[in-house]
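Peer 1: To start, I am sharing the structure in question, which I have written as structure tokens.
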Amino acid sequence: MLVTKQPVLRRFWYAILPMQMLDDGPQPFTLLGEKIVLWKKADGSPAAVRDRCCHRTAMLSKGFVDGDHIVCGYHGWTYDCSGACVRIPQQAADAAIPPGAQVPAYHCVEKYGYAWVALEDPLRPIPDFPEETSGRHRRILQFYQRWGTSPVRMMENSFDNAHFSYVHKANFGLFDQPQPAGYRFEETDYGFEAETLVPIRNPPESHRITGTTEPVTHRHLVNRYYLPFGRRFGCHYPASGIDHVIYNCATPIDDGSMMLAQWLYRSDTEADCPTQALIDWDEAITKEDREILEATDPDACIDARRRVEVHMASDKPGLIIRRQLMALLEAHGEREVHG
Ligand code: FES
Ligand SMILES: [Fe+2]
């Protein structure tokens with residue numbers, strides 16, 4: 001599927017960038033092939049419009065913020081968060097702004113420490129992640145990385161228990177136990193929930209993360225898929241009682257790349273396991289996923305009738321993801337587009 005060729009994908013929220021990046025001024029981003037600019041308004045909330053001034057096409061991300069507005073760095077035309085030009089400095093102050101002095105604007109809000117954007121009216125709200133308000137978890141923005149793969153590949157990998165023994169064999173994977181644990185599935189209005197109990201290696205360098213010293217321990221996973229490109233890695237370590245719950249948005253940049261937004265909720269304290277140790281730990285694991293995913297074809301086929309990549313029970317989650325994405329396209333009169 002070429003994500004830029006499927007218009008329905010424009011009707012979902014995506015995590016674009018951590019809010020603190022906007023403290024440095026306007027920031028450009030490419031979402032589904034569309035160049036946008038984000039900035040922070042005077043009240044601290046984010047705004048997003050197309051990154052192209054309607055005067056002489058300069059990128060607005062090269063400009064600066066003035067109160068609630070973004071100012072083009074070329075001749076100072078100034079836009080509000082609806083994309084309307086509200087000031088042309090070369091005109092007399094009482095002169096009318098010409099009709100059509102406007103750039104497209106997008107839905108933009110802050111949630112979970114990120115600025116989120118929907119290019120067109122969203123079909124669903126940003127999912128509710130209960131750890132945010134549980135009072136038991138600390139939120140850690142782990143990382144924000146551009147990957148040369150597609151969000152479909154990222155999603156199917158997220159529910160693939162069969163890669164642990166290979167991709168993560170130097171880490172938590174049990175190389176001599178390649179038969180993956182099974183899942184319990186429940187399809188939901190947002191996608192699905194998949195529960196499993198996975199044995200993992202637990203070498204000494206993992207003990208602070210898992211909270212236990214057993215050489216082999218378990219992860220109780222309650223994972224969720226959120227259409228189209230969101231996921232929860234809901235890990236609980238039964239031996240220690242620690243929650244290690246990751247959320248990802250695989251934000252589609254273009255047909256060959258995505259931005260991985262990842263944040264973590266932990267139920268222990270900074271004294272139990274420091275923030276930087278948790279970032280380093282998951283970054284090392286995710287690096288292994290990134291290397292293999294960047295070695296796959298990003299034009300991931302979601303129609304399993306046309307290309308069979310599914311032949312093991314452990315491929316079932318990927319099959320459900322494909323079926324749900326196909327149903328989404330078909331419900332909006334679209335056909336899957338390939339390169
Ligand atoms: S190009 Fe933006 S003000 Fe002229
Ligand atoms: Fe992995």
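Peer 1: Which value, in debye to the nearest 20, describes the size of the charge dipole of the chain about its Cα centre when Lys and Arg Cβ atoms bear +1, Asp and Glu Cβ atoms bear -1, and nothing else is charged?
Peer 2: The dipole magnitude comes to about 500 debye.
Peer 1: Chymotrypsin sites (Phe, Trp or Tyr not before Pro), restricted to the stretch 49-109: which are DSSP loop and have at most 16 other Cβ atoms within 10 Å?
Peer 2: Numbers: sites: F64, Y74, W77, Y79, Y106; in loops: Y74, W77.
Taking the stretch 49-109 and a limit of 16 other Cβ atoms within 10 Å, the loop chymotrypsin sites (Phe, Trp or Tyr not before Pro) found are Y74.
Peer 1: When a footprinting reagent is the concern and you count Cβ atoms within 10 Å, what order do S206, S134 take, fewest first?
Peer 2: Going from least to most buried by this count: S134, S206.
Peer 1: What list do you get for V222, V71 if you sort them by fewest beta carbons within 10 Å?
Peer 2: Neighbour counts put them in this order, fewest first: V222, V71.
Peer 1: For Cα pairs less than 8 Å apart in space and 6+ apart in sequence, what is the mean separation divided by the residue count of the stretch 130-331, i.e. the relative contact order in percent?
Peer 2: Rounded, it is 27 percent for the stretch 130-331.
Peer 1: Please sort by residue number the GluC sites (Glu not before Pro) in the stretch 231-315 whose DSSP state is loop and whose Cβ has at most 16 other Cβ atoms within 10 Å.
Peer 2: E270, E294, E309
Peer 1: Let me ask you something else. About its Cα centre, what dipole magnitude does the stretch 116-258 give when the only charges are +1 on Lys and Arg Cβ and -1 on Asp and Glu Cβ, stated in debye to the nearest 20?
Peer 2: In total the dipole reaches around 560 debye.
Peer 1: With a bin width of 20 angstrom, please list the P(r) values of the chain as percents of all Cα-Cα pairs, from the 0 bin to the one holding the largest distance.
Peer 2: With 20 Å bins starting at 0, P(r) equals 29, 53, 17, 2.
Peer 1: Over the chain, how many pairs of lysines fall under 16 Å by alpha carbon, counting only those 8 or more apart in sequence or from different chains?
Peer 2: 6
Peer 1: Next question, about the same structure. So how far, in whole Å, is the C-alpha centre of the stretch 1-80 from the one of the stretch 136-211?
Peer 2: Taking the Cα centre of the stretch 136-211 as reference, the centre of the stretch 1-80 is 33 Å away.
Peer 1: Using helices alone, what [θ] at 222 nm do you get for the chain, with -39,500 (n - 2.57) per DSSP H run of 4 or more residues, divided over all residues and rounded to the nearest 500?
Peer 2: Roughly -4500 deg cm²/dmol at 222 nm, from the helical runs in the chain.
Peer 1: Turning to a different aspect of this structure: Farthest toward the dipole's positive end in the chain, which of Q90, L119, L32, given Cβ charges of +1 (Lys, Arg) and -1 (Asp, Glu) about the Cα centre?
Peer 2: With unit charges placed on the Cβ atoms, the residue in question is Q90.
Peer 1: Quickly work out the D68-to-S134 label distance, labels modelled 7 Å from Cα along the C-beta direction, and quote it in nm with one decimal.
Peer 2: In this crude spin-label approximation the distance works out to 3.8 nm.
Peer 1: Dipole of the stretch 188-339, Cα-centred, from +1 at each Lys and Arg C-beta and -1 at each Asp and Glu C-beta, to the nearest 20 debye? Don't jump to the answer; show the numbers that get you there.
Peer 2: Working: 16 positive and 26 negative charges, 95 e Å.
The dipole magnitude comes to about 460 debye.
Peer 1: Next question. Spit out the partnerless Cys residues in the chain, using Cβ distances under 4.7 Å as the pairing rule.
Peer 2: Lacking a cysteine Cβ partner under 4.7 Å: C54, C81, C85, C108, C235, C249, C273, C301.
Peer 1: Among H137, I253, G100, whose Cα sits farthest toward the positive end of the charge dipole of the chain (+1 at Cβ of Lys/Arg, -1 at Cβ of Asp/Glu, about the Cα centre)?
Peer 2: Toward the positive end, the furthest listed residue is G100.
Laboratory data are not the source of any read-out in this text; all were calculated from the coordinates shown. This one's a predicted model, so the numbers in the text were calculated from it and none came from an experiment. No Cβ is skipped: glycine too gets one built from the backbone with ideal geometry, and neighbour counts run over all protein chains shown.
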